[in-house]
1. Most exposed first by the Cβ proxy, i.e. fewest other Cβ within 10 Å, how do TYR204, TYR11 rank?
2. Just to confirm a number: summing +1 for Lys and Arg and -1 for Asp and Glu over residues other than LEU7 whose beta-carbon lies under 15 angstrom from that of LEU7, what do you get?
3. For region 93-99, in order, what is each residue's ³J(HN,Hα) by Karplus, 6.51 cos²θ - 1.76 cosθ + 1.60 with θ = phi - 60°, in whole Hz (x at glycine and Pro)?
4. Using the count of nearby Cβ atoms within 10 Å as a rough guide to exposure, how do LEU65, LEU33 rank from fewest to most?
5. How large is the helix-only mean residue ellipticity at 222 nm for the chain, computed as the sum of -39500 (n - 2.57) over DSSP H runs with n ≥ 4, divided by its residue count, in deg cm²/dmol to the nearest 500?
6. Based on the Cα gyration tensor of region 135-233, what are the three equivalent ellipsoid semi-axes, each the root of five times an eigenvalue, rounded to whole Å and given largest first?
7. Based on alpha-carbon atoms only, what is the radius of gyration of region 138-178 relative to the globular estimate 2.2 N^0.38 Å?
8. Taking θ as phi - 60°, what are the ³J(HN,Hα) couplings along region 77-91 by the Karplus curve (6.51, -1.76, 1.60), each to the nearest whole Hz, with x for Gly and Pro?
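Just so you know, all these numbers are worked out from the coordinates, no wet-lab data involved. Predicted model only: the values in this text are computed from it and were never measured. All Cβ positions, even for glycine, are placed from backbone atoms using ideal geometry, and neighbour counts span all protein chains on display.
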Amino acid sequence: MLEVAHLDAFYGDGQILHAIALDAAEGERVAVLGRNGAGKSTLLKSLMNAGPRVAGAIRFDGRLLAEMPSYRRAQLGLALVPEDRRIYSHLTVLENIAIARYGAAGRKAMEPRQILERFSMLKPLEERYGGQLSGGQQQLLAVGRAFAAGPRLLLLDEPTEGLAPVIVEQMAREIAAICDEEKVGLVLCEQNIWFARACTSRLYLIDTGRIVFSGGWDEFDRNADLKQRYLAV
Ligand SMILES: Nc1ncnc2c1ncn2[C@@H]1O[C@H](COP(=O)(O)OP(=O)(O)OP(=O)(O)O)[C@@H](O)[C@H]1O
Ligand SMILES: [Mg+2]
C-alpha cells in the first residue's frame, strides 16, 4: 500500500532524511523507532507533504504522490496524528471527533459514538471541551479522532509521550483491535519499545535521518546492541 524509496527531506538547506526506504502492505502495522532528533516526525510529515521539502518516491497504491497536497493525501486514506495534536479547544470531545469525518471524502467514515465506544477512556470525556483536557487526554482524543475519517493508513507520531503506563497498555490494546477490525495500516513513530511492539509486527530503526535496521521484533531482540546504539535505553 505504501512504498517509500530513496526519500530525502530538507528544512531549508539542511538535509534531515537520507535515502529512506520503507514500506507497509495493506493493513500492515510497522514501527519506526529512534532517539530524539532522529528524524521520525520529519518522516511522517514528509509522507503527508506537511512541512519538509522532499525528493524521492512515495507511492500509495502504486501511485506516485509527488507534489500532491496534504488534503488530497487525506482523501486517499492517509491520516497523520502530528506531535502537536491539534485538538480544537472550543469544541467538545464528541465534536472534535465528529468534525474529522469531513476528511473521509467518500470513504466509509466511522460514527463518532462508535469511536467513543472503542476508546473507552474517551467515553466519560464526551462533553468536555478540548481546551479543558489534560495533555494525555488530548493525545487519546487525537488518536481516536484520527480513526473517524476511516483512514487506510494511519501515521502516528509518538502517541504515548507522557502517558501513564496503565494508559499506554490500554491504548495499545485499543489501537491494535480497531486496526485489525477496520483493516487500518499503521506507521507508528515511537520511543516506547513496549508499546511499539504491542502495536506492530516489525520495525525500522532510524538514526540521524537514515534507516539503520529493518526487520522483525525477534531479530531486533537477537541484536542486543541495537538498543544501546540507537535507542539510548
Ligand atoms: N522546522 C524545522 N526546521 C529546521 N529543522 C528542523 C525542523 N524540524 C525539525 N528539525 C530538525 O530535524 C531533525 C529531526 O527532527 P525530528 O523532529 O524529525 O526528530 P524526531 O525523531 O521526531 O525527534 P523527537 O523524538 O524528539 O520528536 C532535528 O535535528 C531537528 O532539529
Ligand atoms: Mg518527533
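1. On the way: TYR204 23, TYR11 11.
Fewest-to-most Cβ neighbours within 10 Å comes out as TYR11, TYR204.
2. Details: positive: LYS40, LYS45, ARG53, ARG59, ARG73, ARG210; negative: GLU3, ASP8, ASP23, GLU67.
Neighbour charge sum, excluding LEU7 itself: +2.
3. So the J values, rounded to whole Hz, are 4, 4, 5, 4, 6, 4, 5.
4. Working: LEU65 21, LEU33 26.
Starting with the residue having the fewest Cβ neighbours, the order is LEU65, LEU33.
5. Details: 9 runs with 83 residues, N = 233.
After summing the helix terms and dividing by the residues of the chain, the value is -10000 deg cm²/dmol.
6. On the way: eigenvalues 117, 47, 31 Å².
Ellipsoid half-lengths, sorted descending, are 24, 15, 13 Å.
7. Working: Rg = 10.1 Å, N = 41, 2.2 N^0.38 = 9.0 Å.
Ratio of Cα Rg to 2.2 N^0.38 Å: 1.12.
8. Result, rounded to whole Hz: x, 8, 9, 10, 9, x, 5, 8, 6, 6, 7, 7, 6, 8, 10.
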